[in-house]
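Data first, discussion second: the structure below is written as structure tokens.
The values are calculated or read from the model by the stated rules, or taken from the named source; none is laboratory data. What you see is a predicted model, and the numbers here were worked out from it, not measured in a lab. Here the Cβ is made from the backbone with ideal geometry for all residues, glycine too, and neighbour counts use every protein chain on show. The area values use the complete protein model at the heavy-atom level, side chains included, leaving out ligands, DNA and RNA. Shrake-Rupley method; radii C 1.70, N 1.55, O 1.52, S 1.80 Å.
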Amino acid sequence: MPVQVAALYHFTRFDDTAALQGPLQAACDAAGIRGTILLASEGINGTIAGDAKGIADVLSYIRALPGCADLEVKYSTAPSMPFNRMKVRLKREIVTMGEPDIDPRASVGRYVAPQDWNALIEDPDTIVIDTRNDYEVAIGQFEGAVDPKTASFRDFPAWFRDNRDDLLEGKKKVAMYCTGGIRCEKSTSFLRKEGVEEVYHLKGGILKYLETVPADESKWQGECFVFDQRVAVKHGLEQGSYAQCFACRFPLSEDDLASPAYNEGVSCPHCIDQRNDEQRARYVERQKQQKLAKERGEAHIGATVDSASKPDLELSDASWEANFPKGLNPEQEEG
């Protein structure tokens, strides 16, 4: 049977996340689940994978946490386990925006069901904004959406403030979307705080849209980047066609893989000019150790992405890289 993958998030108040961390880790380990769950005072965010019973057991445990009874989950499958280990981490935010006064529990945009999304974004009074990062937008987005070209979600507030007048000129509505909905919870709350009233966001994110809207009715172009080893998914949440660079985090097309700049685990066309000889030498050694571990039937859990490509990472915590052999975004922005 394929591995079940569950993407989840919920905004609620946790007074003592440290007290929740150990028991939640133990519940995941007992259920044989792998992935990452982030806990912060504002709530929970994560993606986990395992068999259906294990996933159900962990979700039941999470729903029993304070304020989490209404936890929503987006399910998909993977042909093999997309994570190396299970880690419950404590963070300041469950998705990092860097705006301390934003609280989606107090004010948020209007939810739009996937089946109603097409009509909204086709409305000439609507501007559509993609709240994801540049490497995600590169492989797929909705027709006509604005790409902020941000490298991190924490860049979004400054981008909006700098471009607000041009973005809103002649528009009455702002529609925003992200992978699973969590970034839109914060971005719509942010716009409301900035005085924008008619703000909408796609309920359940791109994942729910690709799951429920038939391909022949879809306004989605390309594939959707996901934060696990599947790299991307297509309509019906089938695994996509992209690989990912071990040295940076950029998704790689077939043309990228055929490029002379691609050297597995060492470089790709997107980072070949952004790394020095010393860094590439480390990547070569890392790739060698990974190959040797695979031959021994072991999992190589050393760091697999240079920290320079992930400025938001808490550098003292190497466990993040250990969880993701393909170098995924340290902010766990899916969910």
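When a 1.4 Å probe is rolled over the protein heavy atoms, the share of accessible surface on the chain that falls to carbon and sulfur comes to 46 percent.
Between R110 and V199, Y200, H201, the built amide H atoms are under 5 Å apart, and every one of these is 5 or more places off in sequence or on another chain.
Loop-located GluC sites (Glu not before Pro) in region 212-250 (DSSP state not H, G, I, E or B) with no more than 16 neighbouring Cβ atoms inside 10 Å: E238. The order of D130, D16 by accessible area, most exposed first and with a 1.4 Å probe, is D16, D130.
Using Cβ point charges alone (K and R +1, D and E -1), the dipole size of the chain about the Cα centre works out to roughly 920 debye. Here's the list of lysines a cross-link from K234 could span, going by alpha-carbon distance under 16 Å and ignoring same-chain residues fewer than 8 apart: K74, K208, K219. So who's got an amide H within less than 5 Å of the one on T77, skipping anything under 5 residues away but keeping other chains? H placed 1.01 Å off N, in plane. The answer is V5.
Around the amide H of L252, modelled in the peptide plane, lie the amide H atoms of A243, Q244, C245, all under 5 Å away and 5 or more residues distant in sequence or on another chain.
Report, in deg cm²/dmol and to the nearest 500, the calculated mean residue ellipticity at 222 nm for the chain, where each DSSP H run with n ≥ 4 adds -39500 (n - 2.57) and the sum is divided by the residue count.
Working: 10 runs with 100 residues, N = 335.
Value at 222 nm, helices only: -9000 deg cm²/dmol.
The modelled label-to-label distance between A281 and Q115, using points 7 Å beyond Cα along the C-beta direction, is 6.1 nm. Loop-located GluC sites (Glu not before Pro) in region 104-188 (DSSP state other than H, G, I, E, B) with a sparse environment of at most 11 neighbouring Cβ atoms within 10 Å: E169.
Shown in residue order for region 215-227 are the 3J(HN,Hα) couplings computed by the Karplus curve 6.51 cos²θ - 1.76 cosθ + 1.60 at θ = phi - 60°: 4, 6, 10, 7, 9, 7, 10, x, 10, 10, 5, 10, 8 Hz (x for Gly and Pro). Of the residues R280, R296, R34, R249, ranked by 1.4 Å probe accessible area with the largest first, the sequence reads R296, R34, R280, R249. Entry comment: accessible area of region 1-96 is 41 Å² per residue, from protein heavy atoms only and a probe of 1.4 Å. Only protein heavy atoms count here; under a 1.4 Å probe, R63 has an accessible surface of about 90 Å².
Judged by the gyration tensor of its Cα atoms, with axes a ≥ b ≥ c, region 197-252 is oblate; a/c meets the 1.5 cut and b/c is at least as large as a/b. Each of K208, K186 has its accessible area taken with a 1.4 Å probe; listed largest first, they run K208, K186.
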